[in-house]
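Down below is the structure, laid out as structure tokens.
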Amino acid sequence: MELDIHKSSNFKGYTALLGENTNPENRGDLHEGFDIGWEDPTGASRADDGAMTGQNVWPRNMSGFKAAVLEYYHSAIQLGQSLFPLFALALDLPETFFDDKTTKPAAIMRLLYYPSQTGPIDNRLQGIGAHTDYECFTILWQQDDIQALQVLNANGKWVNAVPIPGTLVVNLGDQFARWTNDVFKSTVHRAINRSGVERYSIPLFFGTDYDVKLEALPSCVSDDYPAQYEVVTAGEYVKSRLEATYAHSKTEH
Ligand SMILES: O=C(O)CCC(=O)C(=O)O
Ligand SMILES: [Fe+2]
């Protein structure tokens, strides 16, 4: 397929059922997806995204699709930009701390489709296996009335993230875990659609600019609690996680 995500240098485009495997213990994720990244409203391309440089791909002959998707994308980006100062304040940092690290929105958005799973339960076949997201935080729209998303609580118990009409779910991701040396913990989550009907969701993963180094904040490091993570750029980090997620299905395309 022309738009297959494996053909894109920066993981944009279409993911088939089982094309992704977020939890390596599983057999592949039972969803289809379509991924986009930043696209300037003027159509100008961006060449300074390091490891994640590249264009979106769009289906031809689908009138209105691109405009509708980008309209939501740019609104979700605006919401995300307004959340960074809140996270900064929660970390006792100046509220502008992330401003110069988020000048070029580094955000991937996915349109996800989950068929309903019927028949015998195979615990290694889930809509999306247990994982943490790769960026700072995720803004997730999920369809009303269909229970599928679960989060792992501090006691190691899966709890339903029940869709609440008119609300979005915000999950912490691994870039924030790295910035904060695990003071902010990434939310482990998964989705299993046994509702009997198909389900759609739209996560937007918002990280710091792809050329910014993910370096533990001084306030989150001490002699007793040294930095846990190797320093890499946000772009290198996201790309390495995406490569791992799609590695198993790479040769099929
Ligand atoms: O569909 C959902 O509710 C979750 C999607 C998700 O976790 C992801 O794409 O990373
Ligand atoms: Fe996720």
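The values are calculated or read from the model by the stated rules, or taken from the named source; none is laboratory data. Values in this document were obtained by computation on a predicted structure and should not be read as measured data. Note: ideal-geometry Cβ built from the backbone for every residue, glycine included; neighbour counts use all protein chains shown.
Of all residues in region 192-204, those satisfying the criterion of being more than 9 Å from ligand 1 (Cβ to nearest atom) and surrounded by fewer than 20 Cβ atoms within 10 Å (Cβ to Cβ) are R194, S195, G196, V197, E198.
Against the test of being over 30 Å from E215 (Cβ atoms) and at pLDDT 95 or above, the options E135, E71 yield a single qualifying residue, E71. Tallying residues that are surrounded by fewer than 20 Cβ atoms within 10 Å (Cβ to Cβ), part of a loop (DSSP other than H, G, I, E, B) and within 16 Å of ligand 1 (Cβ to nearest atom) within region 26-57 yields 1.
Does region 205-226 include one or more residues that are farther than 30 Å from D122 by Cβ, within 16 Å of ligand 1 (Cβ to nearest atom) and surrounded by 19 or more Cβ atoms within 10 Å (Cβ to Cβ)?
Within region 205-226 (the criterion being farther than 30 Å from D122 by Cβ, within 16 Å of ligand 1 (Cβ to nearest atom) and surrounded by 19 or more Cβ atoms within 10 Å (Cβ to Cβ)), the answer is yes, since at least one residue qualifies.
Selection over region 18-68 of residues that are in contact with a Pro (Cβ under 6 Å, 6 or more places away or on another chain) and modelled with pLDDT under 90 gives a count of 0.
If you go through region 73-84 one residue at a time, how many are of a type in the set (S, T, Y) and surrounded by 15 or more Cβ atoms within 10 Å (Cβ to Cβ)? Don't jump to the end; show me each part of the working.
Our first condition is that a residue be of a type in the set (S, T, Y); within region 73-84, this holds for 73, 75, 82.
The next check asks that each one be surrounded by 15 or more Cβ atoms within 10 Å (Cβ to Cβ); those that pass are 73.
Number of matching residues: 1.
Before we move on, is Q142 farther than 25 Å from E198 by Cβ and polar (S, T, N, Q)? Judged against the criteria, Q142 is not a match. Set side by side, the residues P24, P41, P94 differ, and just one is touching a His at 6+ places or on another chain (Cβ under 8 Å) and more than 14 Å from F206 (Cβ to Cβ), which is P41. Among strands (runs of 3 or more DSSP E) entirely within region 85-191, having at least 2 residues that are crowded, with 16+ Cβ neighbours inside 10 Å singles out 106-114, 128-131, 137-142, 149-152, 169-172, 189-191. Mind checking which residues of region 99-112 are under 15 Å from the mean Cα position of the chain (by Cα) and at pLDDT 95 or above? The answer is A106, A107, I108, M109, R110, L111, L112. Please state which of the following conditions E95 fails to meet, knowing it meets all the rest: (1) modelled with pLDDT of 95 or more; (2) within 20 Å of the chain's Cα centre (by Cα); (3) acidic (D, E). Failed condition: (2). Residues in region 112-171 that are within 12 Å of ligand 1 (Cβ to nearest atom), without any contact (Cβ under 8 Å) to a residue 24 or more places away in the chain and β-branched (V, I, T): V162 alone.
Of everything in region 192-222, what is within 16 Å of ligand 2 (Cβ to nearest atom) and either among the small types (G, A, S) or part of a loop (DSSP other than H, G, I, E, B) (or both)? Give them in sequence order. Listed by number, the residues that qualify are I192, N193, S201, G207.
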